[in-house]
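A quick write-up on the structure given underneath.
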Amino acid sequence: KQEVTQIPAALSVPEGENLVLNCSFTDSAIYNLQWFRQDPGKGLTSLLLIQSSQREQTSGRLNASLDKSSGRSTLYIAASQPGDSATYLCAVRPDRGSTLGRLYFGRGTQLTVWP
Amino acid sequence: GAVVSQHPSRVICKSGTSVKIECRSLDFQATTMFWYRQFPKQSLMLMATSNEGSKATYEQGVEKDKFLINHASLTLSTLTVTSAHPEDSSFYICSARKIGSYEQYFGPGTRLTVT
């Protein structure tokens, strides 16, 4: 069974810092990996989706990398802002079996950026 | 595009009653919808996968007689929590998968509190 782990569980930094959030998964047979943002009491907003054949994806100040063979992904946030404060979730989609559509989530990294 | 709504956003009910939560894909058709629950500071746990016109597939440990799922159309799935108990209090999130795609689009979630 796929297990997704995110480190750290929580992170508190001053505004302006560059951040690294880590995600690891136990089964490298993935179709893609996705990073989400969740604000308190809200649903999920998709940030970046990396296909298994890709190494990285970028969107604005966010950059996500994927090392499928080692089961790792990182999310880089450049020049962090207080508005980046949220929980960041990593999820993987398996590439085989009857559960092709489902996602396996990590527990998330709770980020606080203070001014 | 790809907007998913949930109704209600919050609900408080008494122990022993039943509660229905709706999940709608507003601007696309979804053959598959997923129901997740999330406890405080925990990740999303998949409860069940519902396919339009057929019975839902429940994850291990999820009582199908307690969490009734109906997916009667390509834009609507409902989750009914029957005989609710305080331990059913949680945040329930649905997602919908577009026809022909593996990507899931998430609803804003429903906060259920059972007193």
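Meeting the requirement of 1 or more residues that are modelled with pLDDT of 95 or more, out of contact with any Pro (no Cβ under 6 Å at 6 or more places or on another chain) and surrounded by fewer than 14 Cβ atoms within 10 Å (Cβ to Cβ), the strands (runs of 3 or more DSSP E) wholly within region A:30-98 are A:56-59, A:62-67. If you check A:A86, A:A10, A:A79 for being within 14 Å of chain B (Cβ to nearest Cβ), more than 13 Å from the chain's Cα centre (by Cα) and of a type in the set (A, V, I, L, M), only one passes: A:A10. If you take the residues of region B:76-103 that are β-branched (V, I, T) and touching a Ser or Thr at 6+ places or on another chain (Cβ under 7 Å), which of them is farthest from the other protein chains (Cβ to nearest Cβ)? Applying the filter and picking the extreme gives B:T82. Taken together, B:A72, B:A84, B:A56, B:A48 contain a single residue that is modelled with pLDDT under 95, among the hydrophobic types (A, V, I, L, M, F, W, C) and more than 12 Å from the chain's Cα centre (by Cα), which is B:A72.
For region B:1-41, the strands (runs of 3 or more DSSP E) that sit wholly inside it and include 2 or more residues that are under 9 Å from B:C94 (Cβ atoms), under 11 Å from the mean Cα position of the chain (by Cα) and touching a residue at least 60 places away in the same chain (Cβ under 8 Å) are B:19-25, B:30-38. Put simply, of B:S73, B:S9 the only residue that is surrounded by fewer than 17 Cβ atoms within 10 Å (Cβ to Cβ), within 11 Å of chain A (Cβ to nearest Cβ) and among the small types (G, A, S) is B:S9.
The values are calculated or read from the model by the stated rules, or taken from the named source; none is laboratory data. It should be emphasised that the depicted structure is a prediction, and the values quoted were computed from it without experimental measurement. Cβ sites come from the backbone with ideal geometry, for glycine too, and all protein chains shown count toward neighbours.
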